[in-house]
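Peer 1: Handing you a structure now.
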Amino acid sequence: MASAQDYMFDFKPLYNSLDSLLESGVEFYSSRDGEVDAKFLSEFQRGERTLEKVRPFEEYLSKVVEVFDFVYPDGERVRGNGFRSLLYVYNSALIKLQLALSHWSRRHNGWFFVATEQLDVLRAHVRVLDGVTLLLKYAVDLAKEQVAKGTVFSGGNIATVLKKLAISDEVERDCFYGRCLGFQYTSSYLRPVLQALAIGMASYDSWYQLSKNSGRIVKLLASVINGSDYVMFPNRRGLKFADLRQDCDMHFTKAFWSINEDASIKASQMAQ
């Protein structure tokens, strides 16, 4: 039977590639003094720091992740748990960052290199890696407490759990909803669907927030104008969608999905 480690990622090739690409970026922009060059240098250096910081978290989880797998009485192992899923997300973040850096490496000396666009791409992927790093840090803290029990469920003091979950407030959530939305999914079809949903919800909020006294044409114009911004500027979309996920209430959700509570109640009564 294959060992649990056979089903884990080999991060070494990714690390080697990212180290080389990030080092090339730092070396390239260190000798330049433009404003955009300084921003590029800052992002490359931030990427190096984050990658150095996150490796110990990944290494620890990779060593203990099999402890949390479900094992049948006959010894068959189900290789699946929340820590494995988080490592999968981490692997996806590294791959997307590698793709962005590889694109920079091929194009940065070319005539058609759009510096501001590539800077936004690089910044977005580095920020995602920062966010995943915080989640891995929390996962390591949790795993260290639970590894002896072999379960991901704490079963302990709920106050302690809530205190640890507060780390999620440190994560810059908008980076997950902007340019990098859906980065963890392998399907090329799912990302456009998620992007369309995010654009739709962000645009609809412009309609929803206007006063009921506003005319339908005014609402429509506001929705279209803001909606075009969310299509062209992923960062704005990310900020708006993150705010919606944090603050939207039941009424907004019902309105967006056109959920008619009265009709649902009548339908259920008729079914009875």
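Peer 1: Of Lys53/Lys144; Lys63/Lys137; Lys137/Lys240; Lys39/Lys137; Lys96/Lys137; Lys96/Lys144, which sit over 23 Å apart, Cα to Cα?
Peer 2: Lys137/Lys240; Lys39/Lys137; Lys96/Lys144
Peer 1: Let me ask another. Ignoring everything but the protein chains, give the 1.4 Å probe accessible area of Arg236 in square angstrom, nearest 10.
Peer 2: 120
Peer 1: Sort Leu86, Leu22 by heavy-atom solvent-accessible area, probe 1.4 angstrom, most to least.
Peer 2: On the way: Leu86 35, Leu22 0 Å².
The ranking, largest first, comes out as Leu86, Leu22.
Peer 1: Please list Ile95, Ile199 from largest to smallest accessible area, probe radius 1.4 Å, with all protein chains kept in place. Please list the in-between numbers first.
Peer 2: On the way: Ile95 65, Ile199 35 Å².
Largest to smallest exposure gives the sequence Ile95, Ile199.
Peer 1: What figure, in Å² to the nearest 10, do you get for the accessible area of Val71 with a 1.4 Å probe and non-protein molecules left out?
Peer 2: 70
Peer 1: Continuing with this model, one more query. From largest accessible area down, sort Met201, Met232; use a 1.4 Å probe on the protein chains.
Peer 2: Met232, Met201
Peer 1: Return the Rg/Rh ratio of region 55-137 with Cα-based radii and a Kirkwood Rh. Mind dumping the intermediate values first?
Peer 2: On the way: Rg = 17.9 Å, Rh = 15.0 Å.
Ratio of gyration radius to Kirkwood radius for region 55-137: 1.19.
Peer 1: Still on this structure: Just to check I understand the Karplus step: with θ = phi - 60° and J = 6.51 cos²θ - 1.76 cosθ + 1.60, what whole-Hz values come out for region 73-83, glycine and proline as x?
Peer 2: x, 7, x, 5, 9, 9, 7, x, 6, x, 5
Peer 1: Report the label-to-label distance for Ser30 and Asn81 in nanometres (one decimal), using points 7 Å from each Cα along the Cα→Cβ vector.
Peer 2: 4.2
Peer 1: Taking a quarter of the surface of the convex hull around the Cα atoms of region 30-82, what do you get in nm²?
Peer 2: Numbers: hull surface 20.9 nm².
Result: a mean projected hull area of 5.2 nm².
The values are calculated or read from the model by the stated rules, or taken from the named source; none is laboratory data. All figures in this text were calculated on a predicted structure; none of them were measured in a lab. Every residue, glycine as well, gets a Cβ built from its backbone with ideal geometry; the counts of neighbours run over all protein chains shown. Ligands, DNA and RNA are stripped out before the accessible areas are found, and what is left, the full protein with its side chains, is counted by its heavy atoms. Shrake-Rupley method; radii C 1.70, N 1.55, O 1.52, S 1.80 Å.
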